[in-house]
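Step one of this worksheet: look at the structure below.
The values are calculated or read from the model by the stated rules, or taken from the named source; none is laboratory data. All values derive from a computational prediction rather than experimental measurement. Positions of Cβ are generated from backbone atoms using ideal geometry, with glycine treated the same way; all protein chains shown enter the neighbour counts.
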Amino acid sequence: MTLDRLDDPDHPAYGMGQAAQLLGVTAAFLRSLDAAGLVSPSRSGGGHRRYSRNHLARVVALRELTDHGHTLASAATILDLHADLAEERARHAATTEERDRARRERDTALDERDTARRQRDSARHGRDHGHGNGSRG
């Protein structure tokens with residue numbers, strides 16, 4: 001067994017009793033969220049519900065939204081939309097970084113091309129005007 005799972009927020013580390021106690025809710029409330037498909041805990045080999053830290057955070061967020069007057073269905077929709085928005089923001093940031101990297105690479109290539117062109121032109125200019133070959137005078 002490795003300790004890596006301790007840091008994994010998706011690792012199903014809590015049984016229903018532990019989860020209910022930590023959250024200050026009843027096991028019946030957790031079962032109702034599962035039955036409604038709003039929180040889908042993992043199942044142990046024996047079929048017992050197992051909750052991760054992410055599951056617990058979702059329950060807390062659902063509870064906060066319902067405490068502010070939202071129905072469970074609307075609270076779940078709000079959380080899902082927040083998750084979708086966060087995903088799109090991350091995708092946008094990655095795309096923006098990729099675009100910026102491509103621009104930097106393009107600009108570097110253009111600078112190198114322009115430098116090489118100037119060096120060729122300078123060398124050609126020197127030959128065309130007889131610099132350095134002693135023919136002038």
Query raised in the report: Can you tell me how many residues in the range 1-53 are in contact with a strand residue (DSSP E or B) (Cβ under 9 Å, 6 or more places away or on another chain), in a loop (DSSP other than H, G, I, E, B) and within 21 Å of Ala73 (Cα to Cα)?
Result: 2
Report summary line: Reported set for the range 45-70 where residues are among the β-branched types (Val, Ile, Thr) and either touching a residue at least 24 places away in the same chain (Cβ under 8 Å) or within 14 Å of Pro9 (Cβ to Cβ) (or both) is Val59, Val60
Report task. For Glu87, indicate whether it is without any contact (Cβ under 8 Å) to a residue 12 or more places away in the chain and not assigned by TED's automatic domain parsing to the domain that holds Ala36. Result -> yes
